[in-house]
Each structure stands twice: as C-alpha cells, then as structure tokens.
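Trainee: This is the structure, below, for whatever I ask next.
The values are calculated or read from the model by the stated rules, or taken from the named source; none is laboratory data. Owing to the predicted nature of the structure, the values given are computational and were not obtained by experimental measurement. Note: ideal-geometry Cβ built from the backbone for every residue, glycine included; neighbour counts use all protein chains shown. Heads up: the accessible areas ignore ligands, DNA and RNA and are worked out on the full protein's heavy atoms, side chains in. Shrake-Rupley method; radii C 1.70, N 1.55, O 1.52, S 1.80 Å.
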Amino acid sequence: MFTRTSFATVDMAHQGKILSEVAQLVEVNKLRSTITQDFGTINAANIWQADRAPKRVQKPMKTSRTI
C-alpha cells in the first residue's frame with residue numbers, strides 16, 4: 001500500500017481510501033491489532049527480552065472482508 005506514496009504513483013488517492021476503510025473497520029471492532037506487547041525501541045536488549053517473553057497463542061481471527 002505504501003508503495004504509492006514512495007513512488008508517487010498515479011493512483012495515490014486510493015491509499016487514502018484504503019486507510020479510511022481500515023479506520024472504519026477498527027472503529028466497529030471488525031479489525032484489531034495483533035500486537036500483544038510492545039518492547040520499545042529495536043535494540044539487542046529488547047530483542048532478547050521479546051524472544052524470551054511468553055508467547056500468547058491465539059486462534060486465527062476470522063475476517064469478513066479482504067482489503
């Protein structure tokens with residue numbers, strides 16, 4: 001999606017439409033983040049901490065729309 005702005009493609013306005021649709025899906029709880037923890041800045045210590053953190057196994061989320 002961000003290729004449009006990086007390369008100034010002729011259909012850049014479509015990116016705004018995609019982001020608006022994503023925002024709407026988030027607002028009605030049909031789309032949610034998969035992030036369960038934030039370890040901050042990417043560095044060796046935080047990568048080490050993230051690697052050793054307990055992994056939370058979740059069922060795959062069912063989607064009702066493809067963007």
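Trainee: If you take the residues of the range 42-57 that are open to solvent by less than 80 Å² (accessible area, probe 1.4 Å) and either part of a loop (DSSP other than H, G, I, E, B) or under 24 Å from LEU19 (Cβ atoms) (or both), which of them is modelled with the lowest pLDDT?
Mentor: Only one residue fits best here, namely ALA53.
Trainee: If you take the residues in the range 1-41 that are part of a loop (DSSP other than H, G, I, E, B) and among the acidic types (Asp, Glu), which one is farthest from PRO54 (Cα to Cα)?
Mentor: Per the criteria, the residue is ASP11.
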